[in-house]
Amino acid sequence: MKYSLTALAFTVMAFSSLESIAQVKGHNTVLQKILDKACTKKNNTVVGISLSVKSPELGMDFKGSCGYDGIHKTTPVHVEQPFRIASLTKVFVASAILRLHEQQLISIEDPITKYVSDAHIKLLRDGGYVPEDITVRHCLNHTSGLYDYALGGEEYIAEAKKDEKKRWTRTEQIKFAMDNGKPHAPPGQEEHYSDTGYILLGEILERQTHSGLAESLRTLLKFDALGMSSTYLESLEARPEGLLPNVKRYMGELDASNWDNSVDLYGGGGLVSTSEDLTLFLQALFNGKIFEKDDTLDIMLLKKDYSPEGDVLPNQRLGFTSIIGEKTGLTVYLHTGFWGTVFIHLPKYNCSLAMNYTYDGDSEALQQTIDYVLEQGKKEMGK
């Protein structure tokens, strides 16, 4: 799925309670119409969508859905249905790593050899890497040079299709990367997206917290305190009681909903969530409710302790991708997932949105949602 994104400006306004209620209802009506139009227009590929938009400054607190939770269109999708979020998990992993960094339990400038197992260090070395030269930061911003076991080529998906019930291990996935690809470049020189780097970060979380990956994410990122009651690391912790069935997941026409989730579990993916929980997380992250130190978010977004050549920061931050609006020059932070999920934070309006497609689809509904936020931002808060 391709996304065309813009950005916006920010000024705080105050609203009375009655004005706020009326405003929220108005926003909700418009945003639901955007979804309904996407699901009913002729010749579309959209099967179903769920959307959450939160911006206290703009008086937005929306969650809604349209369409169906599977391609056979037998069950309408419900906004509270959870779904596998795939690579959006990387933002959670990066945030948890930075929690360890601010607690001085690790340093992101240290080589990964200080924190990962000897067995995995040996695998990397046998694969042609110099693991002592790869830092935690390199894994966070995809400059490790590590071949991506998952999407570096077609080999992994082809292998996974042979046995959808196979229970993969992290070690097998690292070895798969070593056997099927070569180093892209020395660490720090080039950006190459790598799930391999993120499953190593998942290992660091486990080893440094002396707990499982699920517990480390839940504890470090305060899922329970934030009210993220529908978010969990599938198969590594119990599914919360009372959740609706998951939205279906597809690979082309192939229903991959029941594939063993270890195919994408140990740090590069693995979380199940809802559109609303995803916006709860973004709101917490960007409003001082996750990190304990004021400057940790600046480190994540490369606003502190980072000196690029020239004045332009790279698009890839620590966990997030950033996009600068062509017309506004303002920055947004986002990540997309393999199955058709995207979440975005627009700092200037303190606006978080998360959209999930049942079966991929065009980005028109997403763009219309962003355009509406832009319009309301200009109207309510000024340029």
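Residues being over 22 Å from the mean Cα position of the chain (by Cα) and either more than 18 Å from Phe83 (Cβ to Cβ) or surrounded by fewer than 20 Cβ atoms within 10 Å (Cβ to Cβ) (or both): count how many of those fall in the stretch 44-69.
Residues flagged as over 22 Å from the mean Cα position of the chain (by Cα) and either more than 18 Å from Phe83 (Cβ to Cβ) or surrounded by fewer than 20 Cβ atoms within 10 Å (Cβ to Cβ) (or both) within the stretch 44-69 amount to 5.
Among the residues of the stretch 206-228, is there at least one that is touching a helix residue (DSSP H, G or I) at 6+ places or on another chain (Cβ under 8 Å), open to solvent by 70 Å² or more (accessible area, probe 1.4 Å) and not in a helix (DSSP H, G or I)? So that I can check it myself, show each step before the final result.
First, the residues of the stretch 206-228 that are touching a helix residue (DSSP H, G or I) at 6+ places or on another chain (Cβ under 8 Å): 206, 208-209, 211-213, 215-224, 226-228.
Applying the additional criterion that residues be open to solvent by 70 Å² or more (accessible area, probe 1.4 Å) yields 215, 219, 224.
Going one step further and asking which of them are not in a helix (DSSP H, G or I), we end up with none.
The answer is no, given that none of the residues of the stretch 206-228 is touching a helix residue (DSSP H, G or I) at 6+ places or on another chain (Cβ under 8 Å), open to solvent by 70 Å² or more (accessible area, probe 1.4 Å) and not in a helix (DSSP H, G or I).
State all residues of the stretch 251-301 that are farther than 30 Å from Gly64 by Cβ, open to solvent by 40 Å² or more (accessible area, probe 1.4 Å) and part of a helix (DSSP H, G or I); if no residue qualifies, say none.
Asp298, the sole residue that qualifies.
Testing Leu151 on (1) open to solvent by 10 Å² or more (accessible area, probe 1.4 Å); (2) in a loop (DSSP other than H, G, I, E, B); (3) touching a strand residue (DSSP E or B) at 6+ places or on another chain (Cβ under 7 Å), one condition comes back false. Which one is that?
Of the numbered conditions (1) open to solvent by 10 Å² or more (accessible area, probe 1.4 Å); (2) in a loop (DSSP other than H, G, I, E, B); (3) touching a strand residue (DSSP E or B) at 6+ places or on another chain (Cβ under 7 Å), the odd one out for Leu151 is (3).
Taking the stretch 152-172 as the region of interest, how many residues are closer than 15 Å to Ala119 by Cα and in contact with a Leu (Cβ under 9 Å, 6 or more places away or on another chain)?
2
Which members of the stretch 173-190 meet the condition of being among the acidic types (Asp, Glu) and closer than 19 Å to Pro111 by Cβ? Walk me through it before giving the result.
Let us first name the residues in the stretch 173-190 that are among the acidic types (Asp, Glu), namely 179, 190.
Residue satisfying the conditions is Glu190 alone.
Restricting attention to the stretch 77-123, and to residues there that are in a helix (DSSP H, G or I) and without any contact (Cβ under 8 Å) to a residue 12 or more places away in the chain, which single residue is nearest to Leu285 (Cα to Cα)?
So the residue we want is Lys114.
Looking only at the stretch 353-367, count how many residues are hydroxyl-bearing (Ser, Thr, Tyr) and either part of a strand (DSSP E or B) or buried (at least 24 other Cβ atoms within 10 Å of the Cβ) (or both).
Total meeting the criteria: 2.
Restricting to the stretch 154-199, give me the number of residues that are in contact (Cβ under 8 Å) with a residue 40 or more places away in the chain, out of contact with any Pro (no Cβ under 8 Å at 6 or more places or on another chain) and either among the β-branched types (Val, Ile, Thr) or part of a loop (DSSP other than H, G, I, E, B) (or both).
22
Tell me which residues, restricted to the stretch 52-90, are basic (Lys, Arg) and more than 15 Å from Asn246 (Cβ to Cβ).
Lys54, Lys63, Lys73, Lys90
If you check Lys379 against the conditions, is it open to solvent by 10 Å² or more (accessible area, probe 1.4 Å), free of Cβ contacts under 8 Å to residues at least 40 places away in the same chain and either under 18 Å from the mean Cα position of the chain (by Cα) or closer than 30 Å to Ser144 by Cα (or both)?
Judged against the criteria, Lys379 is not a match.
Name the single residue, out of those in the stretch 32-43 being more than 22 Å from the chain's Cα centre (by Cα) and open to solvent by less than 40 Å² (accessible area, probe 1.4 Å), that is modelled with the highest pLDDT.
Here the residue is Ile34.
The values are calculated or read from the model by the stated rules, or taken from the named source; none is laboratory data. This one's a predicted model, so the numbers in the text were calculated from it and none came from an experiment. Every residue, glycine as well, gets a Cβ built from its backbone with ideal geometry; the counts of neighbours run over all protein chains shown. Ligands, DNA and RNA are stripped out before the accessible areas are found, and what is left, the full protein with its side chains, is counted by its heavy atoms. Shrake-Rupley method; radii C 1.70, N 1.55, O 1.52, S 1.80 Å.
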